[in-house]
Amino acid sequence: MESGKGNRPDTPQVPSYGATRPYMIFPRPEWAALRANVPQSLNEAEVASLRGHNEPVSLEDIAEVYLPLSRLLNLHVLASRSLNNMVKSAFLGVPRRTVPFIIGIAGSVGVGKSTFARLLQAVLSRWPDHPNVSLVTTDGFLLPTRVLQERDLMARKGFPESYDLRQMISFLAALKAGERNLDVPIYSHEAYDIIPDRYQVVDQPDILIFEGLNVLQTASEQPFMASDFFDFSIYLDADTQDIERWYVQRFQLLQQTAFRKPTSYFHHYRDLTPEQAEKVARDIWRRINLPNLEENILPTRERARLILRKGPSHSVSTVWMRQI
C-alpha cells in the first residue's frame, strides 16, 4: 500500500507491551459471556434505522458486543456518581450534583464510529440509571469551509488543525462544570460545511457520547485536551487495508445515492463510472485519510480504556480492556 510513511507494518493484533501489557484481551465469545443477564434492548427495525452505509450490524452484534459493553459502562457510571457524591458531600461539604459521564469514541475515517456511537447511545439509554444519553460528534467543531479555504486547509480536513479546538474544549469544560443548554454547531455532510446559525442543544444529559477522529490526541496548544474530560474512552480498530476497503465501498455507494443530490458538495462526482469512483476514493484515502490515521489517530489507540478490534466483515472480533 502506498503511503507517506513507506512500508510501515499494519496494525498489530495486540499492543506490544510484553509481560507488562496492560490489556485484558477477550475473544468475542468470552466478551459476549460478560453480558450476564442484560436483556436485549433493541429490535431489528431499530438496529436497521441506526445502521450506517455498508455496515451490516445485526441483533447478534447487539447481544454479543454492545450489551456487555453497556453493562461495563453502567457500572462505571454508577461508580463515578458514587465517588463524585462522596467527594462533594463528605469532603467538600457541598450539595451533591450529578454531572454528565463523558464517553470518548475515536478511530479512523471509515471504521464505523458513527454507527457504533448511535447504537451505543440507543443501548445505554435503555438503562433506567441513565435514560438521558446525548451524542455529539466533533464534526460540529470543524472550522467552516470559508476559514479552511483561507488557511489552505481543505486538503487537511479532519486533521487536528482543521478543528476549532478552543471551542471544543470550552464546550467539554462547561459541560463538566454543570452548565446547561450548551450550543454545539451542526455540521452538514451534504453541504460539507457548518450550517450557519444552527445548533444542537446539550442540556446536562446523564451520559454524553463524544465521537470523532482525534478525540484522544495529545498535541494541542490549549492547556487542556478533550480526553481530560472523558470518564471512559473507546477506540475502534481494524487492519488498515480493511478500513480502506470499507471507505472505498462507502464512497461508491454514496456516489450512487447522496452525491446525486444537486445540493451535495460532491455532486460533481455523480457521473463517475464505478472504476473512476474507486480510483477517486483510493486517491482521497491515500492522500488524506491514511496520513491522518497514521500520523494522528492510530498513535492514540493505546490511550483508550477499551479497544474494539474489527475483522474483515466489519464485526467486532476481539475486545481489549485496559487494566490500569
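Just so you know, all these numbers are worked out from the coordinates, no wet-lab data involved. A quick note: this is a predicted structure, and the numbers were derived from the prediction, not measured. Cβ placement follows ideal geometry from the backbone for every residue including glycine, while neighbour counts extend to all protein chains displayed.
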Inset, instruction - Compute the Cα gyration tensor for the stretch 145-233, then decide on rounded, prolate or oblate, letting a ≥ b ≥ c be the square roots of its eigenvalues: rounded whenever a/c is under 1.5, prolate when a/b is larger than b/c in the other cases, and oblate in all that remain. - result: oblate
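Can you compute the FRET efficiency between Glu46 and Met86 using 1/(1 + (r/R0)^6), with r the Cβ-Cβ distance and R0 = 30 Å? Round to the nearest 0.05.
FRET efficiency, Glu46 to Met86: 0.25.
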Legend entry - Glu275 versus Gln200: modelled label distance in nm, points set 7 Å from Cα along the beta carbon direction: 4.1
Legend entry - Fluctuation leader among Thr115, Thr145, Thr263 - the chain, Gaussian network, Cα springs under 10 angstrom: Thr263
Inset, instruction - Before rounding to the nearest 500, sum -39500 (n - 2.57) across all DSSP H runs of length at least 4 in the chain and divide by the residue total; then give [θ] at 222 nm in deg cm²/dmol. - result: -8500 deg cm²/dmol
Inset, instruction - Take the alpha carbon gyration tensor of the stretch 205-261, find the square roots of its eigenvalues, order them as a ≥ b ≥ c, and report rounded if a/c is under 1.5; if not, report prolate when a/b exceeds b/c, else oblate. - result: prolate
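Just want to confirm a number: the relative contact order over the chain, from Cα pairs under 8 angstrom separated by 6+ residues, in percent.
25
Sort 80-87, 46-53, 200-207, 228-235 for me by packing, meaning the mean count of neighbouring Cβ atoms within 10 Å per residue, highest on top.
Per-residue mean Cβ counts within 10 Å order the peptides as 228-235, 200-207, 46-53, 80-87.
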Legend entry - FRET efficiency estimate (nearest 0.05) - Cβ-Cβ, Asp228 to Glu294, R0 25 angstrom: 0.55
Inset, instruction - Obtain the nm distance between the two label points defined at Ser58 and Gln323 by a simple spin-label model: each point lies 7 Å from its Cα along the Cα-to-C-beta direction. - result: 3.3
Inset, instruction - Let me know the shape class of the stretch 23-322, please: from the alpha-carbon gyration tensor, a ≥ b ≥ c as square roots of the eigenvalues, rounded when a/c is under 1.5, otherwise prolate if a/b is greater than b/c, or oblate. - result: oblate
Legend entry - Simple label model, 7 Å out from Cα along Cβ direction - Glu30 to Asp193, nm: 5.1
Legend entry - Rounded to the nearest 20 debye, dipole of the chain from Cβ charges on Lys, Arg, Asp, Glu: 500
Legend entry - Length released on extending from Lys176 to His76, taking residue separation times 0.36 nm less the Cα-Cα span: 34.4 nm
